[in-house]
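Below is one structure, written out as structure tokens; comments come after it.
The values are calculated or read from the model by the stated rules, or taken from the named source; none is laboratory data. Just so it is clear, the model here is predicted, and its values are computed rather than measured. So basically every Cβ, Gly included, is an ideal-geometry build from the backbone, and we count neighbours across all protein chains shown.
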Amino acid sequence: MKNGVLITASLAFLSFCPATAGAADFFAWNDHAAPLDFRFGNHIDTHQQTAQRPNGELAGFLYVHFTGVTTRDGYRVATHDDCNRVSCSPGWTLFGKPRSATFLFHEMDDHPVFRVKRSDIPQPGTFVHFHAKGPSEESSGPGFLLAFLAIDRFCFVHHDAVNATAGATCSENGGVPVTPGIDVATHLNIVTSYPSES
């Protein structure tokens, strides 16, 4: 299954972002070397590599670092890290559409939450994550709605992955089990309405 999703993701990416290099060249972390040279200008750049098409859309990869722990239910623990410091592998193919959103709040150990107009969510698709462009990940304004296609099987622990143990399941370790295919759970951070302050 993993190889099938990996091939599908590669073909989708290559059709989205034509280049002269082969598919395997796109997978390795290479610190934003062309053609995967788009940068958001914030922390996500330590674990993403994407290309921007002339129409403004993005295609690329979101990377994870495997900690070496396997959970009791058989998932390798993975987290985001600085891929210039540690070994990383592509966890997802990502696709992005330029949009604007309103920052709402940021709970500890989770993604900042944004309000997006329902009519701005691309169809068809699974665009469930907004990421702001610029130095602050908590800014209202321009950024990208992102969709993710997992290309590996792992337990994604967003924070404190170093505390994960083999004696606990993925969920008990605070992680989300990921399997190859569409992923709407690991990075979900948009809503279409929010209570007004009175």
* Scan the range 54-90 residue by residue and report those that are assigned to a strand (DSSP E or B) and either loosely packed, with under 13 Cβ neighbours inside 10 Å or at pLDDT below 95 (or both). => 68
* How about the range 142-169: which of its residues are of a type outside the set (D, E, K, R) and either under 16 Å from residue 106 (Cα atoms) or assigned to a loop (DSSP other than H, G, I, E, B) (or both)? -> 151, 157, 158, 159, 164, 165, 166, 167, 168, 169
* Asked: So which residues in the range 156-183 are crowded, with 21+ Cβ neighbours inside 10 Å and either of a type in the set (D, E, K, R) or touching a Pro at 6+ places or on another chain (Cβ under 6 Å) (or both)?
  -> 170, 183
* To do: Starting from residues that are touching a Phe, Trp or Tyr at 6+ places or on another chain (Cβ under 7 Å), part of a strand (DSSP E or B) and not aliphatic (A, V, I, L, M), keep the ones in the range 104-128 and report whichever is farthest from residue 179 (Cα to Cα).
  => 115
* Asked: On the given criteria, is residue 9 crowded, with 16+ Cβ neighbours inside 10 Å, modelled with pLDDT under 95 and either among the aliphatic types (A, V, I, L, M) or more than 30 Å from residue 138 (Cβ to Cβ) (or both)?
  -> yes
* Does residue 43 count as modelled with pLDDT of 95 or more, closer than 18 Å to residue 132 by Cα and in contact with an Asp or Glu (Cβ under 7 Å, 6 or more places away or on another chain)? -> yes
* Of all the residues that make up the range 115-133, how many are buried (at least 20 other Cβ atoms within 10 Å of the Cβ) and not hydrophobic (A, V, I, L, M, F, W, C)? -> 2
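Can you find even one residue in the range 177-198 that is modelled with pLDDT under 95, over 14 Å from residue 104 (Cβ atoms) and part of a loop (DSSP other than H, G, I, E, B)?
The answer is yes, given that some residue of the range 177-198 is modelled with pLDDT under 95, over 14 Å from residue 104 (Cβ atoms) and part of a loop (DSSP other than H, G, I, E, B).
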* Residues in the range 80-88: is at least one at positive phi and in contact with a strand residue (DSSP E or B) (Cβ under 7 Å, 6 or more places away or on another chain)? -> no
